Every structure is written in C-alpha cells, then in structure tokens.
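What follows is a single structure, written as structure tokens, with notes after it.
The values are calculated or read from the model by the stated rules, or taken from the named source; none is laboratory data. Since the structure is predicted, the reported quantities are computational estimates derived from the model, not experimental observations. Cβ coordinates were reconstructed from backbone atoms using ideal geometry, including for glycine residues, and neighbour counts include every protein chain displayed. SASA here: full protein model, heavy atoms, side chains in, ligands and nucleic acids out. Shrake-Rupley method; radii C 1.70, N 1.55, O 1.52, S 1.80 Å.
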Amino acid sequence: MPAQPARRGRLVTSIADLKALHQRRAPKMFFDYCESGSWTEQTFRENTSDFERLRFRQRVAVDISGRSLASTMLGEPVAMPVALAPVGSLGMQAADGEIKAARAAARFGVPYTLSTMSICSIEDVAEHSPTPFWFQLYVMQDTGFVDEIIERARAAKCSALVLTLDLQILGQRHKDLKNGLTAPPRPTPAVLLDLATKWRWVWGMAGTKRRTFRNIVGHAKDVGDVSSLMAWTAEQFDPRLDWAKVERIRAKWGGKFVLKGILDAEDARLAVKAGADAIVVSNHGGRQLDGALSSIRSLPAIVRAVKGETEIWLDSGIRSGQDVLKALAMGADATMIGRAYVYGLGALGEAGVTRALEVLAREMDITMALCGRRRIQDMTRDVLLVPRDFEGDWAAQT
Ligand SMILES: Cc1cc2nc3c(=O)[nH]c(=O)nc-3n(C[C@H](O)[C@H](O)[C@H](O)COP(=O)(O)O)c2cc1C
C-alpha cells in the first residue's frame with residue numbers, strides 16, 4: 001500500500017493530513033461539530049493523549065514475513081478489526097456522506113454503522129451499499145417510531161443493531177451553539193461568507209437532494225424542528241431509557257446486538273446480562289460526560305470484568321493504526337473509528353475515507369512488524385510498555 005497522491009500532487013500520509021484538508025474544505029460549522037468535545041474538552045483531549053502514554057516494545061531478528069491484519073467482528077470476517085462508528089449529519093461533511101462512507105468501508109472490507117441522525121436514510125444507504133451495514137439506534141420517547149425504524153433496518157438487511165446508551169441527553173458543545181448548527185445551514189451572513197470559500201462543498205450539495213435528516217423527516221409523527229440536532233434531541237430522546245427498555249429492543253430486533261457507550265465495569269456486566277453480542281467501550285469521543293476517563297484508560301477494568309463473555313470493542317481517541325494496536329494489546333477484540341474517517345470524508349469524499357483506512361492499515365502493518373509479530377491476534381499485552389499508574393489510583397466507591 002504505497003502512499004498515494006490525493007489530488008494534484010498533494011500527498012496524504014497521515015490522518016492529520018486529512019484533518020487539515022477537511023478543515024479547509026468543509027463549512028466551519030460542520031468541521032467544528034466534528035472537532036469538538038463537551039464543555040472544557042478534557043475527556044476529548046485525554047482520549048488521544050492517554051494513547052500516547054502507552055509504548056511499544058521493539059523486537060528484532062524475528063521472521064516477519066506473511067503478515068495479516070485479518071480478523072472477525074460479530075463472527076464475520078473483516079480486513080482489519082476497525083469498524084466505522086456511527087456519526088450523525090455525515091451527509092453535511094460532504095454530499096451523500098453516508099453513502100460514500102458505506103461504500104468505502106464495504107470496498108475495504110470493514111463494517112459501516114449508519115447513525116439514526118443521518119442525512120441519507122437507511123433506504124438510501126441500502127440502495128447504494130454493496131454489502132450489509134449496521135444500524136445505530138438512539139431511543140426516542142415515541143415507541144412507535146423506534147419500532148418502525150427497527151423494522152426499516154431489518155427490511156434494509158442491516159446485519160447488526162448498535163444501541164447507543166450514552167446520549168439520553170445531549171452534552172453541551174460550545175461551538176455548536178455559537179455557530180448556530182443546523183442541517184442544512186441557515187443562510188446567515190456569516191454562513192454565506194464561509195461558504196464563499198467552500199465551493200467544492202457547495203457544488204456537491206447542489207447536486208444532491210439529501211440535505212435533511214431523512215431517517216426522521218417523513219417518518220416521525222408531529223416532528224418539530226428537525227434541522228436542529230440539539231432541539232430534536234432535547235424534545236425526542238428518551239430520558240427514561242433503562243435496562244428493561246434495552247432488553248425490549250434486543251427482543252424486538254432479534255439479531256446481532258451491540259451496546260455502545262459503556263465506560264464502567266459494572267455497566268459492562270449489565271450489558272452482558274442484557275444479551276449484548278458486543279459492547280463498545282466509548283465516551284462518545286469526549287462529546288458527552290466531560291471529566292469522564294478516556295476510553296483507553298477505562299478499558300482494563302472492563303476487560304477484567306467481562307473478557308470472553310462478549311466482544312469488547314473500543315472507540316474514542318483513535319487517530320492512527322498504532323492506537324488501534326494499543327487498544328487490541330490492552331484487551332479489546334476490535335475497535336471503531338469516528339473522526340479519523342470523518343476527516344477523510346470532509347477532505348476527499350469517498351476516496352478520503354478509503355485513504356483514512358489505508359493509512360491506518362499501513363501503520364498497523366509496519367508497527368506489528370517492528371514489534372516482531374505477524375498476525376494481529378499476536379498483538380497481546382506483552383508488546384506494550386504500560387506506565388504503572390496508567391489506570392490511575394482513583395478513590396471511586398464501588
Ligand atoms: C461528529 C460526530 C457525530 C457523532 N454522531 C454519533 C451518532 O449519531 N451516534 C452515535 O452513537 N455516536 C455518534 N458519535 C460518536 C461516534 O460514534 C464515536 O463514538 C466517536 O466518534 C469515537 O471517538 P473518535 O471520534 O475520537 O474516534 C459521533 C461522533 C462525532 C465526532
């Protein structure tokens with residue numbers, strides 16, 4: 001997988017390159033929506049900086065020929081254990097963004113998860129994705145709508161339901177309020193001025209009819225202002241979601257079931273009891289409870305609690321193939337990425353998502369080799385150097 005020029009000689013060699021291009025090409029309001037954490041952004045920052053505290057052991061004079069990143073998620077083969085996490089409003093980062101991301105993932109051989117709060121509908125993505133995708137559910141107060149969207153996901157042959165548990169109420173991101181985030185953007189003077197420099201984005205949007213939350217508009221009854229994600233969440237999301245409701249949804253779905261947003265060992269045990277085929281150790285990319293521990297720091301306690309009883313996946317903070325390997329070595333069975341592929345989409349559309357996946361795969365392959373391992377399953381705890389205080393000596397009452 002040689003590094004490829006992205007366009008007219010621009011060489012994209014890292015996720016950071018894609019991020020810089022995303023910032024230049026997407027409207028400010030949507031780049032900021034992607035690149036924010038809640039309140040002080042402490043958890044958002046520590047999601048990435050805590051990965052940096054882990055180091056690899058360099059090993060030499062080992063046969064490293066014939067390497068493989070192949071693995072499985074939910075029993076299905078994957079080119080590497082990295083799924084695309086659900087990301088709301090993706091179709092605002094680039095026109096038809098969800099379709100582009102789903103296609104890039106399918107062609108690369110990794111799973112794609114479509115968010116409830118997507119611009120392209122389940123049906124739009126099903127029509128264009130060459131392979132089945134996963135559907136992420138947010139639980140609304142309107143049970144009829146929840147049941148109907150589960151049926152729609154089933155009809156679209158989605159191969160897993162990912163239920164997100166860490167967003168019954170929305171964490172506050174200052175920039176979204178200050179930017180007046182909506183989809184599509186309202187044509188204020190500041191927005192028009194910004195769009196004047198984002199001609200690629202404007203051109204793309206002019207060529208698609210998919211510019212609102214199409215999973216919701218035309219499906220939910222008596223919908224209020226759907227253009228504002230914040231207003232919709234406050235009005236419609238179910239603050240009464242509990243484990244009994246989780247079990248109801250699992251029974252209603254009946255297929256592969258993933259619980260996303262687990263950060264605590266006790267919740268991990270409850271998730272296993274609720275029948276999760278996989279859990280995602282996640283703090284929503286630092287967008288919800290500011291001051292929560294980073295995902296990678298939360299992982300060891302969860303691994304001790306439920307390893308082997310369900311698949312343990314991790315997201316939040318992954319910006320390189322090395323981060324993926326660190327998560328696996330710390331005990332995760334697989335990972336999900338959010339911003340790492342959103343940057344690619346905002347930078348270069350479908351080709352950018354592919355590029356993001358290629359960058360991660362190349363980083364994983366070379367790192368694995370330099371650690372003296374040939375198979376991704378061999379990236380076990382002993383390839384890492386972990387600071388003694390990594391988990392922290394917290395005085396939590398458990
Ligand atoms: C812009 C953005 C929108 C998101 N929207 C959703 C969503 O609709 N549903 C969901 O379950 N998680 C959502 N997430 C969280 C991601 O699924 C994932 O947990 C997070 O991005 C992982 O952190 P990372 O971005 O550091 O990789 C969103 C994340 C971002 C950055």
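List the residues, sorted by chain then number, that are 5 or more residues from Thr116 or on another chain and whose placed amide H is less than 5 Å from its amide H.
For Thr116, the qualifying residues are Gln136, Tyr138.
Enumerate the aspartates and glutamates that Lys28 could reach by cross-link, defined here as Cα to Cα under 14 Å, with residues fewer than 8 away along the same chain left out.
Asp176, Asp194
Which aspartates and glutamates, if any, have their Cα less than 14 Å from the Cα of Lys326, not counting same-chain residues under 8 positions apart?
Within the straight-line cut-off, Lys326 pairs with Asp50, Glu52, Asp315, Glu363, Asp365, Asp378, Asp382.
Within region 53-135, what whole-number % of the accessible surface is contributed by carbon and sulfur, with the 1.4 Å probe and all protein chains included in the calculation? Let's see the in-between values first.
Working: 1460 of 3040 Å².
Heavy-atom surface of region 53-135 belonging to carbon and sulfur, 1.4 Å probe: 48 percent.
Which far-off residues, 5 or more places away or on another chain, put their amide H under 5 Å from the one on Leu314, with H placed in the peptide plane?
HN-HN under 5 Å from Leu314: Val281, Ala334, Thr335, Met336.
Return the aspartates and glutamates within reach of Lys307: Cα separation strictly under 14 angstrom, same-chain partners fewer than 8 residues apart disregarded; answer none if there are no such residues.
Filter leaves Asp264, Glu266, Asp267, Asp277, Asp333.
Find the relative contact order for region 261-398 and round it to a whole percent, using C-alpha pairs within less than 8 Å whose residues are 6+ positions apart. If you can, show how the numbers build up before the last one.
Working: 188 pairs, mean separation 27.7, N = 138.
Worked out over region 261-398, it gives 20 percent.
Given points 7 Å out from each Cα along the Cα-Cβ axis, report the Ala190 to Glu309 separation in nanometres with one decimal.
Here the answer is 4.8 nm between the modelled labels.
State the answer as a single residue: which of Gln42, Ala70, Phe30 lies farthest towards the positive end of the charge dipole of region 22-121, with beta carbon charges of +1 for Lys and Arg and -1 for Asp and Glu, about the Cα centre.
Ala70
Tell me the net charge near Arg297. Cut-off is 11 Å between Cβ atoms, Arg297 excluded, with +1 for each Lys or Arg and -1 for each Asp or Glu.
Numbers: positive: Arg53; negative: Glu46, Asp50, Asp389, Glu391.
Summing Lys/Arg as +1 and Asp/Glu as -1 gives -3.
Taking amide H positions as placed 1.01 Å from N in the peptide plane, with prolines and chain starts having none, which residues 5 or more places from Lys307, or on another chain, fall under 5 Å of its amide H?
none
What share of the DSSP beta bridges in the chain is antiparallel, in percent to the nearest 5?
Details: 8 of 34 bridges.
Around 25 percent of the beta bridges assigned by DSSP in the chain are antiparallel ones.
Rounded to the nearest 500 deg cm²/dmol, what is the calculated helix-only ellipticity per residue at 222 nm for the chain, with -39500 (n - 2.57) per DSSP H run of length n ≥ 4? Can you show the working numbers first?
On the way: 15 runs with 163 residues, N = 398.
Helix-only estimate at 222 nm: -12500 deg cm²/dmol.
Would region 27-157 count as rounded, prolate or oblate if I go by the C-alpha gyration tensor, calling it rounded below 1.5 in a/c and otherwise prolate when a/b exceeds b/c, oblate otherwise?
The shape class here is oblate.
Once you order the gyration tensor axes a ≥ b ≥ c over the Cα atoms, which shape class does region 267-315 get: rounded for a/c under 1.5, otherwise prolate or oblate by comparing a/b with b/c? Write down the numbers at each step before the final one.
Values: a/c = 2.18, a/b = 1.75, b/c = 1.25.
Note, shape of region 267-315 comes out prolate.
Among rounded, prolate and oblate, which fits region 218-292 when a ≥ b ≥ c are the square roots of the eigenvalues of its C-alpha gyration tensor, a/c under 1.5 means rounded, and a/b larger than b/c means prolate?
On the way: a/c = 2.42, a/b = 1.34, b/c = 1.80.
It is oblate, given that a/c is not under 1.5 and a/b is not larger than b/c.
Taking only protein heavy atoms into account and a 1.4 Å probe, give the accessible area per residue of the chain in Å².
Working: 17000 Å² over 398 residues.
Heavy-atom SASA per residue in the chain reads 43 Å².
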